[in-house]
Amino acid sequence: MTAPEHLVTEEEEKAIKAELPEIFSRFPRERGSLIPILQAVQGRFKFLSPGAIREVAKYLDLSSSEVYGVATFYNQFRFHPPGKHEIKVCMGTACHVAGGDIILENFERKLNIKPGETTPDREYSLERVACVGCCALAPVAVVDDHVIGYMQPSKVEGLFVQFEVQREKEKREKQAKESAG
Amino acid sequence: MAKDTKIIETYEKLRGAARKRLEAERAEGIPSIRITMSTCARAAGAEETKKAIEDVLEAQGLNARIISVGCLGHCYAEPLLIIDHPTTGFPPICYYNVDANKAKLICRSYLEDGDPAFEYVLGAMEENDLIPPVTTFPRFSMEQRVVMELCGLIDPWNIDHYLDKDGYSALASALQMEREEIIEIVTKSGLRGRGGAGFPTGKKWKFAFEKSADGKVVICNADEGDPGAYMDRTIIESNPHQLLEGLIICAYAVGADEALVYVRAEYPLAVRTIQHAIEEAREYGLLGENILGSDFSLSVRVFQGSGAFVCGEETALIQSVEGRRGMPQHRPPYPVEKGLWGKPTVVNNVKTLSSVPPIIRRGADWFRSIGTEGSPGTAIFSVVGNVKHPGLVEIAMGTTLRTLIFDICGGIPGKKKFKAVQIGGPSGGCLPEQFLDTPIDFDSLTQAGAMMGSGGMVIMDEDSCMVDVARYFLEFTQKESCGKCTFCRIGTKHLLNILNRITKGEGREEDLETLRQLAEDIKKGSLCGLGKTAPNPVLTSLRYFMDEYEAHVKEKRCPALKCRDLIAYYIDLEKCARGCEACVGSCPVEAIFTTKGRKKAIDQSLCVKCGECMTSCPPEYDAVVKVSPPELAPIIERPPDQQPKRAMDGADS
Amino acid sequence: MVQIIVNGKSIEVEEGQTVLEACLSNGIFIPNLCFLKDREHPHASCRLCFVEIEGRPAPVPSCTVNVEDGMVIRTDTPEVKRLQKSAFKLIMSGHPCHAKTCPTEKPCTLMKIAKHLGVGLSPKPLEKLERDIPEVVDFGFMFYFPYRCVLCGRCVHVCRTQNEGKPLLTFARRGFDTMVAFFSDPGENVEAKCRSCLACINICPTAALVLKADERKTA
């Protein structure tokens, strides 16, 4: 593993690189800025591309190796682009007691991916997260930054029906627009 | 520093202006609606509730002020509303579990018709003759709030609210004291670090104070990572200024010129709230250059932790602020000697710092009068799991577990029996019934083999499997181990593997001894607190629940019917109703089929043991049975014409 | 110079030394893997060099304590041995021993430690651990064998010193999945730079880093 495993096109890297100087300019050029910069880069692009890692290293006068070592240490950082909808299942204590693993399993089955993976169509990604701090509502899932409490396998089904409806609606709106235009 | 009346004058001017602004608002006489908007309330639907209120106010042309407040700690009742309608003669009223529909009903009934909609009322917020006040409920009256006194009652995004309650007055008095004087008060108060280990705060400050250095740093540790603990987040989201006030006092006392608040990035609302509070404090001259006109200056910034539990350990936390892998360092040197960038650094927990302003305001003796001799003050627990009224509870140290669990939090729901309480998260331990009358403080918990930790408390009823709970915590610490030292990196992996084996029914008798020995070695041999405490859940459960381990290992049976590899579900044909299809639709894997007499049976080869069929079986039949070991389930052959559709689809393509 | 008493014998040692260094330089063996003299702060990660020091409640890693005049040290108490054996077994549970293919000079560091502790190379009663890591990783001009690696961190440290704080080697990932990774910047002539150094390969106690050209060791 000499480079993060991912699939980023050259064009994507170029687009990322173009925006980096503006992000960097918000932080002092010192080692202590490393994690805040990585957070800002990920905040903008949702993941850290190999090119971005090299640029961060250059900006802070560190070796890429150093930056990569730091980035892979923390749970927050991702090295591949996530799905359009991000699903996180809480694995905190209360959620465990309330059957959080069963909820996770339902998502895995439904999406046919493992935690930490993205569906091939880049539509959904699934993650197991440490406690999100909503223990009184266990089990909890966070879907696109929206916390859903008292999860049940049937709610998992319902969620995807919602996504389906939304997609259908968008599609129809798009069609309507096109036919109007 | 000489006594400087200028500081007090500056402060009083600030407070006076804040009060005037709030007074002007109150003079308008319009009703105010306080709604809890902390992360947990949002999860319970507070955003929808707020939107509904805004809609109904607009649609009906009603005039009311909506104030978003933090968390009251009563998570079971979220979202909560407190409506103060001064012209009606009613006291401020608290409503619970207010969803969007209820909110509309309450607003229309109370604001339009003057009828407070009693069916949704939790209680009144003040003593009165009309509505029972919440202060008489055990969940309120038995608590003693020092740190969380204002949480849920004030607007965390408006510094005026905090100033109105004499906020920052402790800072004003502290700035007039000699530094040693402040440290003396904190030492005398007996305040101990609320991060878990309970180190005397005054002593820590004194070390840092006595160190001469170019610059010193104070770090507020809000890297709350214990699964099941969320008080630090709640305090920041509900009353960030009390924390900031404590932080500034600490910085002044030890002579620091730089401070930072280290918050988990997973707490976005807390991050935004504290950032906003810092800006407000700066605008008011409570931070930055020459605070309140004194010659003390301090800059504070927020650092977001990026998801590593181990960074709650102070040396690892400092590594991560310095832009390194968050690996704990050998101590000594302690951070108070050589911390961030080599400067003396005080690392204090949110609750510790938030305890400081009340101590300065009311004195060390007052603080000592609460709690026990060895652990004065209060403790905040997040009580979750199988308990009627979960949430955050602040109680005096020395309260017994029984009082906390049964009197304050309402006990175990659903006529189930209490089995154990897990205290202190992954560093803590599981305590059985015999400890219910133990007074809770730092020392009693450590003696019992648990730990105060950050105050996570999971209540477990008879359906919880202690082996599974130990396995769960080990899985957590194993994943969160930084990987630096041998005992933690490899040792916890072995512990987890053995526990996994046992919960799968593959345990061997010698495993139990290996488990115990290895756990003890890890405790003694690890480099940092994470490794040293990681075996606690295993050691306590081995000590108090050996019979459960033995049932798993010797009989391949899970007495609590929890470990999925050791259980099976089946349908009792005597009870199953002819033609009922409730379970069939609920099964996510099409494991249920129709057998003789149009009754249902479970295909054991497909069943994933999620328990949905048991939930969906109508209570009047109650036909789904859970057994352990799985061999106890009768096997019913699935007829060929009833194969699951999914498998048939597969066969077609 | 200060006087210390090790296992009942009084010895004179240099001031400012750690207990580990003092013992080693006086012919008293204490098992160790991660210790390096020039580290400013002890790494203290291998957890093998425990000793008992009079006045301290529990055994301490000897690389973390500086000698003091009159210090009374024991390197062979049952408690010390127990921790050392336990740590050693843990290390061995993640380190496969294939005497035939292992390219280290015999006896290797691990064998010396085993002999000192009076144990074999087997981790029993612990099981051998599987890790989610590749058998071998290509670092360009050298190979890295993650299973051989005991994560002592010496290579990462020397790489940092050799490259003035801009190392090419790093620890990557975390916890049980931690491994050593190599990252070079494009355009950098790594081959030339590293070939004249090889400090990492020379300092590795378990032949986890091996020059590709060294065929005997890459088998």
* Find which of A:Cys90, A:Phe107, A:Pro139 sits farthest along the positive direction of the dipole of the range A:79-181, computed with +1 on the beta-carbon of Lys and Arg, -1 on that of Asp and Glu, about the Cα centre. => A:Phe107
* Asked: Shielding of C:83-90 by partners, i.e. mean partner chain Cβ atoms within 10 Å per residue?
  -> 6
* Calculated FRET efficiency for the pair B:Val608/B:Ala577, C-beta based, R₀ 25 Å, to 0.05 -> 0.55
* Could you please report the charge total around B:His494, scoring K, R as +1 and D, E as -1 over all other residues with beta-carbon less than 10 angstrom from its beta-carbon? => +1
* **Residues in the range B:474-507 occluded by at least 50 Å² - accessible area, probe radius 1.4 Å, against chain by itself** => B:Lys484, B:Thr486, B:Phe487, B:Arg489, B:Ile490, B:His494
* To do: Could you please state how large a percent of the accessible area of the protein assembly as shown is carbon and sulfur, counting protein chains only and using a 1.4 Å probe?
  => 50
* **Cα-centred dipole magnitude for the protein assembly as shown, charges only on beta-carbon of K, R (+1) and D, E (-1), debye, nearest 20** => 2580
* Is there a simple number for the mean count of other chain Cβ atoms within 10 Å of the Cβ of residues in B:208-221, and what is it? -> 0
* Asked: Of the peptides B:379-390, B:588-599, how do they stack up when ordered by the mean number of other Cβ atoms within 10 Å, highest first?
  -> B:379-390, B:588-599
* **Anchor B:Lys13: lysines whose Cα lies under 27 Å away (excluding residues fewer than 8 positions away in-chain)** => B:Lys3, B:Lys165
* Structure fact -> Once both label points are put 7 Å beyond Cα along the C-beta direction, the A:Ser179-B:Glu620 separation in nm becomes 4.9
* Share, in percent, of DSSP beta bridges within the protein assembly as shown that are antiparallel, nearest 5 -> 65
* Asked: When the Karplus curve 6.51 cos²θ - 1.76 cosθ + 1.60 is applied with θ = phi - 60°, which whole-Hz ³J(HN,Hα) does each residue of the range C:192-207 get, with x for Gly and Pro?
  -> 5, 4, 6, 4, 7, 10, 6, 4, 5, 5, 5, 8, 5, x, 10, 6
* To do: Using Cα centres only, tell me the gap between the range A:22-82 and the range B:1-65 in whole Å.
  => 39
* **Contour excess over end-to-end distance, with Cα ends at B:Asp164 and B:Asp99 and 0.36 nm allotted per residue** => 20.3 nm
* Mind listing the phi-derived Karplus ³J(HN,Hα) values for the range B:30-39, rounded to whole Hz, using 6.51, -1.76 and 1.60 with θ = phi - 60°, and x for any glycine or proline? -> 8, x, 10, 10, 8, 10, 6, 10, 7, 4
* Give the Kirkwood hydrodynamic radius (Å, one decimal) of the protein assembly as shown, defined as one over the mean of 1/r across all pairs of different Cα atoms. => 31.4
* Can you tell me how much longer the chain between B:Asp463 and B:Lys416 gets when fully stretched, taken as 0.36 nm per residue apart minus their C-alpha distance, in nm with one decimal? => 16.1 nm
* To do: Can you pull a Stokes-Einstein diffusion coefficient for chain C at 20 °C (1.002 mPa s), Rh from Kirkwood over Cα pairs, as a whole number of µm²/s?
  => 114
* Asked: Given 10 °C and 1.306 mPa s, how large is the Stokes-Einstein diffusion coefficient of the range B:31-136 in µm²/s, with Rh as the Kirkwood radius over Cα pairs?
  -> 118
* Asked: Fully extended, how many nm does the chain gain between B:Arg598 and B:Ser297 (0.36 nm per residue separation, minus their Cα-Cα distance)?
  -> 100.4 nm
* To do: Using only Cα atoms, locate the centre of the range B:238-286 and the centre of the range B:99-115, then give the distance between them in Å, rounded to an integer.
  => 37
* Asked: Within the range A:141-181, whose backbone N sits under 18 Å from a point 7 Å along Cα→Cβ of A:Lys84?
  -> A:143-146, A:159-178
* Structure fact -> So for R0 = 22 Å, FRET eff. of A:Arg167-A:Asp144 from the Cβ-Cβ r, to 0.05, ends up at 0.95
* Averaged across the residues of B:37-44, what count of C-beta atoms belonging to other chains lies within 10 Å of each residue's C-beta? -> 5
* Structure fact -> Between B:Leu436 and C:Leu211, Cβ-based FRET efficiency (R0 45 Å, step 0.05) works out to 0.10
* Asked: Buried accessible area for the C:A pair, summed, 1.4 Å probe, in Å² rounded to 100?
  -> 1600
* Just name one of B:Val218, B:Gly193, B:Met177: the one whose Cα is farthest towards the positive end of the charge dipole of the range B:177-228 (beta-carbon charges, Lys/Arg +1, Asp/Glu -1). => B:Gly193
* Give me the accessible area buried between chains B and A, both sides summed, with a 1.4 Å probe, in Å² rounded to the nearest 100. => 3500
* Structure fact -> Checking rank on B:396-402, B:154-160, A:12-18, with mean other Cβ inside 10 Å and highest first, the result is B:154-160, B:396-402, A:12-18
* Specify the longest stretch of chain C that does not include any exposed loop site, a site being one of the GluC sites (Glu not before Pro) with a non-H, G, I, E, B DSSP assignment and at most 15 other Cβ atoms within 10 Å. => C:69-104
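The values are calculated or read from the model by the stated rules, or taken from the named source; none is laboratory data. Only a predicted model underlies this, so the values are computations on that prediction, with no experimental measurement involved. Neighbour counts are summed over all protein chains in view; Cβ atoms, including those assigned to glycine, are modelled from backbone coordinates with ideal geometry. For accessibility, only protein heavy atoms count, side chains too; no ligands or nucleic acids. Shrake-Rupley method; radii C 1.70, N 1.55, O 1.52, S 1.80 Å.
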